[in-house]
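This report refers to the structure that appears directly beneath it.
The values are calculated or read from the model by the stated rules, or taken from the named source; none is laboratory data. The model shown is predicted, which means the values in this text are computed figures rather than measured ones. We place every Cβ from the backbone using ideal geometry, glycine too, and count neighbours over all the protein chains shown. Please note that ligands, DNA and RNA were not included when accessible areas were found on the heavy atoms of the full protein model with its side chains. Shrake-Rupley method; radii C 1.70, N 1.55, O 1.52, S 1.80 Å.
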Amino acid sequence: MLDSAGSLNAFLQECRGLPQFGDVQERRLRDILDDLARRRGRLPAKPCRKQALDNANPSKLSGTFYPDFISAWNDVYRRAWRLAHFDAFLYVPSSLPEFVKHPEVLRAEIGPEIDLSEYTSQCAELRESLFSVTRAEGLVLIDRTRLDMVFRCHGPYAGLSTDTLEAQCRMLQELDSLLPSSVNIRVCDVEAARLTSCSVIGDVITLAVAGGYLVTRDKALQTLLEKRCASAMQGTCSLAAYLADGPDMCTSE
């Protein structure tokens, strides 16, 4: 595998067919193989980091933690949706934006146990109100790796049908066509940008934590997230370009 990029890609392709093999496992495996290649003198050593990321010191956050994102819909997600009509926003979904996530995609992510009927109905209500979103201004960053996993049926998405994928694609295309030009949807490498699922609307910050939401107000954290979102814009492509060209053809515009 170290001697041939084709052999490595073929091996990883086989691994992607395993139900529990997702983006995290693939990155870890690549890191192991990269380290082995460096030990054999086939790759340059990684440079050592001379200082802490963003020169940031540990800081305490105070806020409200909602342990379950399903039951926190009204208190967190719908509230954020309303605030986004009045303040410029940043939004990094955990995979796809919740309100345009196909129910079967959501089901694949959270498992079979939870009743999703009310949640998906609430999401549908927001989709139907997209026609009224005319003055919003913001940036949505969707992770390229997660999009690839969905549309290639890797990891938890292995059981998705062709009909589900086609419907999911249509929902994303509709989102892109209905939102005003002042809302920019980009596809990027969320991990490389050192981002996590979050939103920043005015001074209200929401972080996806342990299956729930942490809502806080912290100027230093807000500045950090804004900085990293701006940095993540390098090397992105539009959602429309990604959907038009496919997961392997998404290039910077």
- prompt: Hey, among V24, V76, which residue is part of a helix (DSSP H, G or I), hydrophobic (A, V, I, L, M, F, W, C) and at pLDDT below 75?
  reply: V24
task: Being open to solvent by less than 30 Å² (accessible area, probe 1.4 Å) and farther than 17 Å from Y242 by Cα is the filter; apply it to region 184-195 and report the residue that is modelled with the lowest pLDDT.
output: A193
query: Out of curiosity, is L178 open to solvent by less than 40 Å² (accessible area, probe 1.4 Å) and either in contact (Cβ under 8 Å) with a residue 12 or more places away in the chain or of a type in the set (A, V, I, L, M) (or both)?
result: no
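Before we move on, is L106 part of a helix (DSSP H, G or I), open to solvent by less than 50 Å² (accessible area, probe 1.4 Å) and either modelled with pLDDT of 95 or more or closer than 28 Å to V215 by Cα (or both)?
yes
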query: Considering region 79-93 alone, what residues qualify as being open to solvent by 90 Å² or more (accessible area, probe 1.4 Å) and either within 30 Å of G111 (Cα to Cα) or at pLDDT 95 or above (or both)?
result: R79, R82
- request: With the condition kept exactly as written, say whether any residue in region 111-119 is open to solvent by 10 Å² or more (accessible area, probe 1.4 Å), in contact with a Gly (Cβ under 8 Å, 6 or more places away or on another chain) and at positive phi.
  value: no
- line: Here the qualifying pairs (Cβ atoms under 8 Å; residues six or more apart or on different chains; first in region 74-89 and under 16 Å from T134 (Cβ atoms); second open to solvent by 80 Å² or more (accessible area, probe 1.4 Å)) come out as H85/R135; A88/E137; F89/E137
- prompt: Within region 130-139, can one find any residue that is small (G, A, S), out of contact with any Gly (no Cβ under 8 Å at 6 or more places or on another chain), open to solvent by 40 Å² or more (accessible area, probe 1.4 Å) and assigned to a helix (DSSP H, G or I)?
  reply: yes
